[in-house]
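All remarks here apply to the structure that follows.
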Amino acid sequence: MPSVLLQSGLAGTPVTADMLVVVGIVTLALVLFTTEWVPVDVTAIISMVLLMVLEPWTQISPAEGISGFSNPATVTVLAMLILSSGVSRTGVVQRVGSAMADFAGDDPLRQLAATVGVAGPSSGFINNTPVVAILVPVISDLAHQGRSSPSRLLMPLSFASMLGGTLTVIGTSTNILASDIADRLLGHPFGMFEFTRLGALVLVVGVVYLLT
């Protein structure tokens, strides 16, 4: 393994070639994610491939590099994204948008109530990231119909979806990953509704705050 050492001029801490290679890959990934010169999924794959190709420096073997594809948490997140896409294609979203428009009209408070009332609970059972992606055009149309600024609804939409994600273990990708880590380290994954009562309290308090 290459072990060329460079001496840091600031703290005297030895810097190895391994560190420089990994920092270089991370920096490249950050630049590509920020600029989006290539699609973000391509950037992720490029980073993964570089880590495996440069194994002598990164210590990431091909088996370790692709191990995430067999991880139950990764598969679960993928399944939730597929479910969300399926829900969107059924036309349910359009019906929900129509119902929200009928309820809210041009009343700003009703528009806000409809936004958080739909986004919050649904984020507990459909991953909150696609919930926001699905509802953004619906909420934008709702704001335009009511002749109000979309920003008054889009920010509460984001917050309500995050709060709703605390209702169940599938509410956010973070919950799923945390459950997988708990299973590996403690031998006890989170149950589907293990923290629902606390999540419901958080959601209710958050919705009241957003409405007031």
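The values are calculated or read from the model by the stated rules, or taken from the named source; none is laboratory data. Here the structure is a predicted model, which is why all the values come from computation and not from measurement. Here the Cβ is made from the backbone with ideal geometry for all residues, glycine too, and neighbour counts use every protein chain on show. Surface areas here come from the heavy atoms of the whole protein model, side chains and all, with no ligands, DNA or RNA. Shrake-Rupley method; radii C 1.70, N 1.55, O 1.52, S 1.80 Å.
From the coordinates of this entry, Cα extents along the principal axes in Å is computed, and it appears in [x] 45, 39, 32; [y] 68, 40, 37; [z] 58, 40, 37 under the label [y].
Computed from Cα atoms, the angle from the helix 40-53 axis to the main principal axis of the chain rounds to 20 degrees. Each helix, a run of at least 4 DSSP H residues, gives -39500 (n - 2.57); summed and divided by the residues of the chain, these come to -22500 deg cm²/dmol at 222 nm.
Each of Ile126, Val136, Thr166 was placed along the dipole of segment 46-195 (beta-carbon charges, centred on the mean Cα), and the one lying farthest toward the positive end is Val136.
Taking square-rooted eigenvalues a ≥ b ≥ c of the alpha carbon gyration tensor, is segment 66-117 rounded, prolate or oblate, where a/c under 1.5 means rounded and, failing that, a/b exceeding b/c means prolate?
prolate
Can you give the FRET efficiency for Met192 and Val75, using 1/(1 + (r/R0)^6), R0 = 22 Å, r = Cβ-Cβ distance, to the nearest 0.05?
Details: r = 16 Å, r/R0 = 0.74.
About 0.85, to the nearest 0.05.
May I ask for the angle, rounded to the nearest 10°, between helix 92-104 and the longest principal axis of the chain, with both axes built from Cα atoms and the value confined to 0 to 90°? So the inclination is approximately 50 degrees. The dipole here belongs to the chain: it is taken about the Cα centre, uses +1 on the Cβ of Lys and Arg and -1 on the Cβ of Asp and Glu, and is about 500 debye. Extension gain, Val26-Ala133: 0.36 nm per intervening residue step, less the Cα-Cα distance, totals 35.8 nm.
Compute the separation of the alpha-carbon centres of segment 51-69 and segment 141-212 and state it in Å as a whole number. Answer, in whole Å: 34.
Summarising the label geometry, the points placed 7 Å from Cα in the beta-carbon direction at Asp141 and Thr34 lie 3.7 nm from one another. Spin-label pair Ile66-Thr212: with each label point 7 Å from Cα along the Cα-Cβ axis, the two points sit 5.5 nm from one another.
Rolling a 1.4 Å probe over the protein chains gives Val53 an accessible area of about 100 Å².
How far is helix 196-211 tilted, in degrees, relative to the longest principal axis of the Cα atoms in the chain, given as a value from 0 to 90 rounded to the nearest 10? For 196-211 against the chain, the angle is about 60 degrees. For segment 144-212, the set of trypsin sites (Lys or Arg not before Pro) satisfying both a DSSP loop assignment and a count of at most 12 other C-beta atoms within 10 Å is given as Arg147. Its residues counted as N, segment 55-163 yields a C-alpha radius of gyration over 2.2 N^0.38 Å of 1.41. Between Phe125 and Asp41, the distance separating the two model label sites (each 7 Å from Cα on the Cα→Cβ line) works out to 2.7 nm.
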